[in-house]
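Some notes on the structure that comes next.
The values are calculated or read from the model by the stated rules, or taken from the named source; none is laboratory data. In this text the structure is predicted, and so the values were computed from the model without any measurement. Cβ placement follows ideal geometry from the backbone for every residue including glycine, while neighbour counts extend to all protein chains displayed.
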Amino acid sequence: MATYDKAQYNLDAFKVSNYKKLRVLMKNIEIDEELYQYIAANTQFIGESASAILRRLLAFGSETKLEVESEDKMTSEALVNTPSVEKAVKSAAIKQETTPKTAENKKTIAKDHSHESVFNFINKEELAMQRGAVGRFLLILAALYRAHDQHFNVVTDICGRDRLYFAYSEEELAASGSSTKPRQIPDSPYWVITNSNTTRKKMMLTKAAASLGYSDEDVEKIRELL
C-alpha cells in the first residue's frame, strides 16, 4: 500500500470539508488549482474551513473584523443621515403617531368639537304632539342642527343611489328626483326630503347621528324618537 503522506492527507481532508469551493462569509469565489493546493496544504486539522485557513495565513484576526464592522456601522449611519432617507424616516414616524389619533377622532367628532348633545334640545312633549312621522322627523333633525350647527354640513354627504337626502335648497332636492317633497329643517338653512317611508327616515337619522359622532347606543336612542 502506498504511503499516505501528510500533504495528501491534508488535501483530501480539505476537499471533504470545502468541496473544492472556497466559501468566505457565505459567498463563493473562484481560485486557481495552484492556490487551492497551497491552501489545502496548510490545513491543520480535519474540518478546518477555508475561511479559517485564510484568516490564519493572512493574520486576519478579530481586530480587523472589528474595523470592518465599525466601517459598516459608519456607512449605515451615513446612509440614514442623508436628506432623502432622513426625510422618509421622519415622515414614517409622524404618520405612525398621527394615524391612530385620526381614526379615533373621526368617530367622536361631536365630542371633540361640541359640548352639546341632541338630547338637550329634544322636547318629548312636542314630539308627542306631532300627528305624523314627518313632523317628528323634522323636529329631531332641528335638534341635531341646534346641537351641532357648525358641523351639520356633514349630512349633505348622505344620499341614496339616485337622489339626495339633504341639501342647502329646495331646488337642489327637487332636481335630484321626482316627488321628493322637500321640507326645510326648522331654524336651519338645510332642506331634507320627506316622501320616504318611516324605515328610510330612521336610516337617514342613523347616518346623520353617526356622522356627527354619536355612539351606537345614542344613535339607537335617536332612531327610536321617531
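Values for this structure:
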{"read-out": "Boolean, Leu144 is touching a helix residue (DSSP H, G or I) at 6+ places or on another chain (Cβ under 7 Å), at pLDDT 95 or above, assigned by TED's automatic domain parsing to the domain that holds Leu205 and of a type outside the set (Gly, Ala, Ser)", "value": "yes"}
{"read-out": "Matching option when the condition is free of Cβ contacts under 8 Å to residues at least 60 places away in the same chain and buried (at least 17 other Cβ atoms within 10 Å of the Cβ), among Val155, Val118", "value": "Val155"}
{"read-out": "Leu164, sole failed condition from (1) over 33 Å from the mean Cα position of the chain (by Cα); (2) at negative phi; (3) of a type outside the set (Asp, Glu)", "value": "(1)"}
{"read-out": "Cβ-Cβ under 7 Å pairs, at least 6 apart or on other chains, region 159-179 side over 10 Å from Val192 (Cα atoms), far side in a helix (DSSP H, G or I)", "value": "none"}
{"read-out": "Which listed residue, of Thr199, Thr156, Thr180, is in a loop (DSSP other than H, G, I, E, B) and farther than 16 Å from Ser117 by Cα", "value": "Thr180"}
